[in-house]
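So the structure is just underneath, and the comments pick up after that.
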Amino acid sequence: MENKIRNVWERGLDLVFPARCPVCDKPAPYPELICPACGGRFVPVKEPRCLKCGKHLGDEREEYCKGCRVAAHKFDQGRGLFEYPSMARSMYRFKYAGRKEYARFYGEQIAKKLGKTIRGWRPDALVPVPVHAARKRERGYNQAEALAGEIGRRMGIPVDFRLIKRVKKTLPQKLLDDRERQNNLKRAFKIARNDVKLKRVVIIDDIYTTGSTIDACALELKRAGVEKVYFIAIAIGKELK
Ligand SMILES: [Zn+2]
Ligand SMILES: [Zn+2]
């Protein structure tokens, strides 16, 4: 019943404020979440894919991408839906320019195209990568939370919004090299509860690049007793050269 009321309410809101298209940022024709002309502009990550992080592999004889061959990742497996370059501008607006609403299209696409993979992992909960409280105040929301909320709602999987806390204000990862990235994230995350009963968790983030953020979260989750940690990202970077 609660769901029904919320859906009616949301549909009402859609009529007054149609969803903005995550590609061109113009209002999409109701009830669509993207305009027809823009459909297909985000490029899905194609096979062959890295068995660990899901990045597209340039060489099909390999099983893992270069990044996963050199790094000892703390997470078990993960997937990204779209190639980052094809949606860089959309991601920027989603993160920094108030376009929280894009989470609806992104979440819909993830549930549709990666839903089977997610179910196969049999997760107890989805856990969004937290941002520091000060950053969240600045931007008004955490894009990973918005995304996790959409995926959870569409797939009927609980979302644990408060399990991981970001206790350190870190520099943007894109400004740093590999080693600086890892140092930057050291002790950046903390588990907020003493008794974590979850055994299988899917971390939700907007972009996967080197995996250092997911690793930092996965390390804390495993220390707290979580057995399997997976990740889902809406965008994934190219294989390292
Ligand atoms: Zn459009
Ligand atoms: Zn990989």
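The values are calculated or read from the model by the stated rules, or taken from the named source; none is laboratory data. Every value quoted in this text rests on a predicted model; they were computed, and no experiment measured them. Cβ atoms come from the backbone with ideal geometry, glycine included; neighbour counts cover every protein chain shown.
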Residues to consider are GLU145, GLU150, GLU101; find the one that is surrounded by 15 or more Cβ atoms within 10 Å (Cβ to Cβ) and within 20 Å of PRO44 (Cβ to Cβ).
GLU150
Positions within the stretch 38-76 being touching a residue at least 24 places away in the same chain (Cβ under 8 Å) and within 16 Å of ligand 1 (Cβ to nearest atom), in sequence order:
ARG41, PHE42, VAL43
Of the candidates GLU2, GLU63, the one satisfying the condition of being more than 22 Å from the chain's Cα centre (by Cα), modelled with pLDDT of 95 or more and farther than 13 Å from ALA235 by Cβ is GLU63
List every residue pair whose Cβ atoms lie under 6 Å apart, where the two residues are 6 or more positions apart in sequence or sit on different chains, the first residue falls within the stretch 12-37 and is at pLDDT 95 or above, and the second residue, located anywhere, is within 16 Å of ligand 2 (Cβ to nearest atom).
none
Got at least one residue in the stretch 147-159 being touching a residue at least 60 places away in the same chain (Cβ under 8 Å) and either aromatic (Phe, Trp, Tyr) or out of contact with any helix residue (DSSP H, G or I) (no Cβ under 8 Å at 6 or more places or on another chain) (or both)?
no
For the stretch 142-186, which positions are at pLDDT 95 or above and under 15 Å from TYR96 (Cα atoms)?
ASN142, GLN143, ALA144, GLU145, ALA146, LEU147
